[in-house]
Structure formats: structure tokens, C-alpha cells
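The values are calculated or read from the model by the stated rules, or taken from the named source; none is laboratory data. Given the structure is predicted, the values throughout are model-derived calculations rather than measurements. Cβ coordinates were reconstructed from backbone atoms using ideal geometry, including for glycine residues, and neighbour counts include every protein chain displayed. Note: areas computed on protein heavy atoms with side chains; ligands, DNA, RNA excluded. Shrake-Rupley method; radii C 1.70, N 1.55, O 1.52, S 1.80 Å.
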Amino acid sequence: MRFLLLILFLYSTLGFTAQPNSTFSRNLNSIEEQLYSLPIKAQARLIEMEEVDLKEKQPIPLLVRYFTLRASAALQLNEAEQAIKAAKKGLSI
């Protein structure tokens, strides 16, 4: 599982500068900052983004970052099944 997350993370860093000015990208940056200090709040924001921002077409690197963050937040909250689900979805992009 950690290997899977490492692959997602490395792939997402390649596109880290893909669209630095987009709202979606700024939201991801903010969530990354919160992730380790406030995993519940980060997960709530990710779910909110899924309901709104993922309905619009987003660049693949940003989508991979999104699902990497979803998996990381779920792992920190001991939700292994949700983490696996998010990681698999990120890999299927």
C-alpha cells in the first residue's frame, strides 16, 4: 500500500506546476498543508471538492494529487478501505 501511495505521490509531483493558478490547484495546496495537522478537516474539504470541482474537467496531474491526498487522509484516520479505494481510483486515471 505504501508503495502504491509512493507511486501516486511521485506521479503527482511531476504535474505539481501544471496549473499553479487554478482554483483546484490552490485548494490542493491548502489541503496538503492541513493534511498532517488536521486530517479530519482535510478529508472534509476533499469530499467537498469532489462534489463541486471534480464535476469540471481537471488536468490529470491534479486529479492524481487529489486522490493521493484522499488516500493519505484516509490512512491517517485509520480508514484503510477508503485509502485503497482512493489510491485505486487515482491509478485508474
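Some notes on this structure:
- Those GluC sites (Glu not before Pro) in the range 47-93 that DSSP places in a loop and that have at most 12 other beta carbons within 10 Å: 56
- Where chymotrypsin sites (Phe, Trp or Tyr not before Pro) fall in DSSP loop in the range 23-93, at most 12 other Cβ within 10 Å: 36
- Scalar couplings 3J(HN,Hα) for the range 76-85, obtained by applying the Karplus form with A = 6.51, B = -1.76, C = 1.60 to θ = phi - 60°, are 5, 9, 6, 10, 4, 5, 5, 5, 5, 4 Hz; x denotes Gly and Pro.
- Accessible surface, 1.4 Å probe, highest first, among residues 70, 26, 65: 26, 70, 65
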